[in-house]
Amino acid sequence: MPKAAMTSARNGPSRAVTAMLALAAAGWFVALRRMRGMDMGAATDLGSLAFFMAAWTPMMAAMMLPGAAPALARFVRVNRHALAAPLFAGGYLAVWTSIGLVVYALYRPHGSAVAGALTIVAGIYELTPLKRDCRRLCRATVSSGFRFGSYCVGSSIGLMAMLVALGVMSVTWMSVVAALVLAQKLLPPRVFVDVPVALAIVGLGIAIVFAPSSVPGLVLPM
C-alpha cells in the first residue's frame, strides 16, 4: 500500500471521530437555543411536531454522538470507503430520531407523581438483564449505525424515559442524562458502580413522588 494511502487509513478514524464530536458540539449549541424558556418540568408542552423534532434531533446529536465515537472509529477502520462515517452516524441518529416520534406520540404533560413513578421504573430497568445485554452490545463492533443505534436505545431507554418524565426541555436533566449515557458507553459495567447508580435513580423517583419540592433542579407543575 502506498505511504499516502496508509497515512489516510490511519488518520481516517481520528478524522471521523473529530467530525462526530464537532457535530455533537453543534448539537448542544442548537439544542440549547431551541430549549431556551421551554422547560416546564413534567408539565412541558412539546408544541408542534416540527418544533419538537427541531429540538429533539440536535438533542440526540449532543447527547448520543460522543459515546458512539469509539464504535465509529472501529467501523471506519474496517470499512475504509469515503461514506463509512456519515453512513454510520446517519443511521445511528436516524434510530434516535425515530424514538423522538414515539415520544411525541405518547407524551402528555403530567404531574410529579407520574414523573416519580417513571423515574423509579427507569432505575429498576438499569438492573435488568435486557439493560446489561444492550449495554454490552452498545460497546461492541457492529455492522451498521442502525444496528448500533438499536442496541444503544435498549441500553439508554430507561435514562431517556427519566429525562422525558422530569423535563424533556430541561437543560439540567439533559446534562445529567447525557453524562450517564456517555459513562455507560465508554466504561465497562461494574456492579459496585451500576447498582448504586440504579438505586440512586429509584431514590430520586421516590423523592419526586413524596417530596418533589426537595429535589434540586426539578421544575414543579403550576
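Here are some notes:
- Qualifying residue in region 187-195 (condition: touching a residue at least 60 places away in the same chain (Cβ under 8 Å), closer than 27 Å to Arg15 by Cβ and charged (D, E, K, R)): no
- Pro189 modelled with pLDDT under 95 and open to solvent by 20 Å² or more (accessible area, probe 1.4 Å): yes
- Every residue from region 2-23 that is modelled with pLDDT of 65 or more and farther than 19 Å from Gly67 by Cβ: Asn11, Gly12
- Scanning region 160-180 for residues that are within 10 Å of the chain's Cα centre (by Cα) and buried (at least 24 other Cβ atoms within 10 Å of the Cβ) turns up just one, Leu163.
- Residues satisfying the stated conditions in region 36-61, i.e. more than 18 Å from Gly91 (Cβ to Cβ) and touching a Phe, Trp or Tyr at 6+ places or on another chain (Cβ under 7 Å): Leu46, Leu49, Phe52
- Conditions (1) open to solvent by 10 Å² or more (accessible area, probe 1.4 Å); (2) of a type in the set (A, V, I, L, M); (3) over 23 Å from Leu187 (Cα atoms); number of the one not met by Ala85: (3)
- Residue satisfying all of: in region 109-139; part of a loop (DSSP other than H, G, I, E, B) and at pLDDT 95 or above; most open to solvent (accessible area, probe 1.4 Å) among these: Leu127
- Residues within region 41-68 that are of a type in the set (Phe, Trp, Tyr) and over 14 Å from the mean Cα position of the chain (by Cα), tallied: 2
Here is a yes/no grid of residues against (1) open to solvent by 20 Å² or more (accessible area, probe 1.4 Å); (2) among the acidic types (Asp, Glu); (3) not in a helix (DSSP H, G or I):
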position	(1), (2), (3)
Ser14	yes, no, no
Val17	yes, no, no
Gly37	yes, no, yes
Ala54	yes, no, no
Met60	no, no, no
Met63	no, no, no
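- When the test is whether a residue is modelled with pLDDT of 90 or more, over 21 Å from Met160 (Cα atoms) and either part of a loop (DSSP other than H, G, I, E, B) or basic (Lys, Arg) (or both), Arg74 passes it.
- Pairing residues of region 199-211 that are of a type in the set (Val, Ile, Thr) with residues that are surrounded by fewer than 15 Cβ atoms within 10 Å (Cβ to Cβ), at Cβ distances under 8 Å and at least 6 apart in sequence or on separate chains, gives Val209/Ala113.
- Selection from region 88-108 of residues that are in contact (Cβ under 8 Å) with a residue 12 or more places away in the chain and open to solvent by 50 Å² or more (accessible area, probe 1.4 Å): Leu101, Tyr104
The values are calculated or read from the model by the stated rules, or taken from the named source; none is laboratory data. Here the structure is a predicted model, which means the values were calculated and not measured. Cβ: placed from backbone, ideal geometry, glycine included. Neighbour counts: every protein chain shown. The area values use the complete protein model at the heavy-atom level, side chains included, leaving out ligands, DNA and RNA. Shrake-Rupley method; radii C 1.70, N 1.55, O 1.52, S 1.80 Å.
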